[in-house]
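Novice: First, the structure itself, so that you have it in front of you.
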Amino acid sequence: MRVLFHVQHLLGVGHLRRGELLANAMAGRGMAVTIALGGMPVPEMPFAGADVVQLPATKLKGADFKVLYDADGKPVTDAWRVARRDALLHLYEEIRPDIVLLEMYPFGRWRFGFELLPLLERAARDKPRVKCVTSVRDILVATKHPERAEKGAAIARAHLDAVLVHSDPTLFAFEETYPHAEELADLIGYTGYVTEPAERVPGASNGEVIVSAGGGAAAGGLMRAAMAARPLTPLADRVWRFFTGPRFPAEAFEELSAMADERTVVARFAPNFQELLDGCALSISQAGYNTVMNLLRAEAPAVVVPYDEGEETEQWHRSQRMRDMGFLSVVKASELSPPTMAAAIAEALERPAAKRPSIDLDGAEHAARMIEALGKGDDRSGMTR
């Protein structure tokens, strides 16, 4: 079974890591996965279980979503969009997939409709019709354009065979952040959360503090506040590991490294990140999908600083729910300082262990099985976990 999987990352690397886990799970079931990669390559996430085809890459400058830039740092043009659309359609013709898998669109990724809608339309012309599936995280960002949500539902109804929601409704139901979910109920299947495989060997206790920031493009304040808060905490004498992410600015990385001592490690990435979290005394991070699921897998004490610039509401929504369930402590980005960070750390360490509801964290494997069932024509029975 051949799968064409369109993966587009811009600011962070959460989409990329989730895509990698999904691709690995599909490959593990014998599917031939081709990744149409729309962002800049990230060597730390090589998609080892798939073939990767680089589309003309696009990126942001800083955390500004208003303008997309090409690989040379120039604003993308209509000619660039045409070339990229044609490259994606050419890849479709070359692969002749059984499944087209998108992420977010048409519930997000609107700026890539110039290539994704033509791809869906092309798949619809094949006989038999190629199955089209969208992969969606648990929470959608609130929008000031409700007409987009309505249009998304119409596109989904016309072109999609399934909407795989990477969530467990015990924690978040899709309709909480998508107003037209009921209209698409027959397409929606909950996969559970996509995170590290359960069969991995858990990491041994290490007593360290792990400070992380996903991709790291907008994490300077978090890193500096954590470093400055350290002497104010009962964990000041522990080893603190700072993982800035591959997109943390070089100058800020050097500045943070200069503040380190013999009990401080500053690096961009950790291939054994889940293992380190499993045994840590405390995690400090943003509240992105992947990191929070890593925390649930590890059951580690945690402080999160949700990214909330501009119209970004996803991390705030997630962190509030998790705080209310007793899983972690939250510091608002607008209130971030060494004292507020230290206070949140004290709260996290003093919190009694919460009774945890059973939350499905095997979403990659469930999603791969659902996709396989759709490709075999088992449309509905494959949509249950």
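Novice: Taking region 15-67 only, how many residues are out of contact with any Phe, Trp or Tyr (no Cβ under 6 Å at 6 or more places or on another chain) and in a loop (DSSP other than H, G, I, E, B)?
Specialist: The number of residues fulfilling the criteria is 15.
Novice: Please state which one of 343, 373 is at pLDDT 95 or above and farther than 30 Å from residue 4 by Cβ.
Specialist: So the residue among 343, 373 that is at pLDDT 95 or above and farther than 30 Å from residue 4 by Cβ is 343.
Novice: I'm checking my understanding of the structure. Among residues of region 114-126 that are open to solvent by 10 Å² or more (accessible area, probe 1.4 Å) and in a helix (DSSP H, G or I), which one is nearest to residue 377 (Cα to Cα)?
Specialist: 124
Novice: Could you look through region 275-289, keep only residues that are part of a helix (DSSP H, G or I) and buried (at least 24 other Cβ atoms within 10 Å of the Cβ), and pick out the one that is farthest from the chain's Cα centre (by Cα)?
Specialist: Across region 275-289, the extreme among qualifying residues is 277.
Novice: Okay, moving on. When both residues are 6+ apart or on different chains and their Cβ atoms are under 7 Å apart, which pairs have a first residue that lies in region 257-278 and is closer than 14 Å to residue 206 by Cα, and a second that is at pLDDT 95 or above and surrounded by fewer than 15 Cβ atoms within 10 Å (Cβ to Cβ)?
Specialist: Every condition considered, no pair remains.
Listed here are the residues, each with its yes/no results for (1) at pLDDT 95 or above; (2) surrounded by 13 or more Cβ atoms within 10 Å (Cβ to Cβ); (3) not aromatic (Phe, Trp, Tyr).
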position	(1), (2), (3)
1	yes, yes, yes
10	no, yes, yes
22	yes, yes, yes
25	yes, yes, yes
53	yes, yes, yes
57	yes, yes, yes
62	no, no, yes
78	yes, no, yes
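Novice: Filtering region 17-32 down to residues that are of a type in the set (Gly, Ala, Ser) and under 15 Å from residue 46 (Cβ atoms), which residue is farthest from the chain's Cα centre (by Cα)?
Specialist: If we take residues in region 17-32 being of a type in the set (Gly, Ala, Ser) and under 15 Å from residue 46 (Cβ atoms), then 27 is farthest from the chain's Cα centre (by Cα).
Novice: Out of region 302-313, which residues are in contact with a helix residue (DSSP H, G or I) (Cβ under 9 Å, 6 or more places away or on another chain) and surrounded by fewer than 22 Cβ atoms within 10 Å (Cβ to Cβ)?
Specialist: Within region 302-313, 308, 309 qualify.
Novice: Ok, one more. Out of 55, 16, 11, report the one residue that is in contact with a helix residue (DSSP H, G or I) (Cβ under 6 Å, 6 or more places away or on another chain) and in contact (Cβ under 8 Å) with a residue 12 or more places away in the chain.
Specialist: Only one candidate passes the filter, namely 55.
Novice: Determine the pairs where a residue that is within 10 Å of residue 304 (Cα to Cα) and of a type outside the set (A, V, I, L, M, F, W, C), located within region 320-342, has a partner that is open to solvent by 30 Å² or more (accessible area, probe 1.4 Å) and modelled with pLDDT under 95 with Cβ atoms under 8 Å apart, the partner being 6 or more residues away or on another chain.
Specialist: 329/323; 329/351; 332/308
Novice: Given the criterion charged (D, E, K, R), open to solvent by 50 Å² or more (accessible area, probe 1.4 Å) and not in a helix (DSSP H, G or I), identify the matching residue among 129, 111, 148, 157.
Specialist: Criteria check complete, one pass: 129.
Novice: Residue check: is residue 176 over 26 Å from residue 368 (Cβ atoms), open to solvent by 50 Å² or more (accessible area, probe 1.4 Å) and acidic (Asp, Glu)?
Specialist: Judged against the criteria, residue 176 is not a match.
The values are calculated or read from the model by the stated rules, or taken from the named source; none is laboratory data. Quick caveat: nothing in here was measured; it's all calculated off a predicted structure. Quick reminder, even Gly has a Cβ in these numbers, built from the backbone with ideal geometry, and neighbours come from all protein chains shown. Only protein heavy atoms, including side chains, enter the accessible area calculation; ligands, DNA and RNA are left aside. Shrake-Rupley method; radii C 1.70, N 1.55, O 1.52, S 1.80 Å.
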